[in-house]
Structure formats: structure tokens, C-alpha cells
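Quick notes on the structure that follows.
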Amino acid sequence: MTQAPTLEQLETLAVTGRRLREWRRFRRRTQSEVAVAVGITQASVSNYELGRRDPGISTLLGVADYLEVPQGDLLTALPPA
């Protein structure tokens, strides 16, 4: 039986998703463009941005590389500068 995520895990997903969306928009890329570049579906990108799914480390690294963002910037609550 799978345990429900903790409040901390949900908050982390929300921050990561929000940061992914902020950086994607800042770089003027669509969800589809990110998806193709990283090798995932557009629906997956949407789920990550909405905090519904955990993108995992390899996906986050691919997104950071594609958007030319320091990896840690997808995990902090600070907006793009």
C-alpha cells in the first residue's frame, strides 16, 4: 500500500512545479517544447508544473539543461532574475 505524501513533500512539489513554470515562461518556451527536448510528454510537464507529479532528478536535470538554468534554481522559491 502506498503512503500518502507528507505536507513537506507536497510543498516541495508545488515549489518545484512553480519554478519550472516560471523559468519556462521566462525563457519563452512552451510545455510541448520542453517535453520534446527532455523526452517526456506535454502532459507530464503540465503535471510537474501543477505539483501533481514528481519529475525525478534526471528529468529535472534535463529541464534545467534545456532552459539553461542552474539546477538548484528549479528547487528554490526565488523568482527568475
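The values are calculated or read from the model by the stated rules, or taken from the named source; none is laboratory data. This is a predicted model, so every value here is computed, not measured. Accessible surface is based on the protein model in full, side chains and every heavy atom, while ligands, DNA and RNA are left aside. Shrake-Rupley method; radii C 1.70, N 1.55, O 1.52, S 1.80 Å.
What is the Cα radius of gyration of the chain over 2.2 N^0.38 Å, N being its residue count?
Values: Rg = 12.1 Å, N = 81, 2.2 N^0.38 = 11.7 Å.
Normalised Rg, Cα atoms only: 1.04.
In whole Hz, what ³J(HN,Hα) sequence does segment 35-42 give by Karplus (6.51, -1.76, 1.60; θ = phi - 60°), x for Gly and Pro?
Here the 3J(HN,Hα) series is 4, 4, 5, 9, x, 10, 8, 4 Hz.
So between GLN42 and ALA14, what do we pick up on full extension, going 0.36 nm a residue minus the alpha carbon distance? It would help to have the intermediate numbers written out before the result.
Numbers: separation 28, 0.36 × 28 = 10.08 nm, distance 1.79 nm.
Computed gain between GLN42 and ALA14 is 8.3 nm.
On the accessible surface of segment 22-73, probed at 1.4 Å, how many percent belong to carbon and sulfur atoms?
Roughly 46 percent of what the probe reaches on segment 22-73 is carbon or sulfur.
Per residue, what accessible area does the chain have, given a 1.4 Å probe and all protein chains present, in Å²? Walk me through the intermediate numbers first.
Working: 5460 Å² over 81 residues.
With all protein chains present, the chain gives 67 Å² per residue.
Quick one: what are the phi-derived ³J(HN,Hα) couplings along segment 44-51, Karplus 6.51/-1.76/1.60 with θ = phi - 60°, whole Hz, x for glycine and proline?
Computed from phi, the couplings for segment 44-51 are 5, 4, 4, 4, 5, 5, 7, x Hz.
Counting only helical runs of four or more DSSP H residues, what would the 222 nm mean residue ellipticity of the chain come to if each run contributes -39,500 (n - 2.57) and the total is spread over all its residues?
Theoretical 222 nm ellipticity from helices: -18500 deg cm²/dmol.
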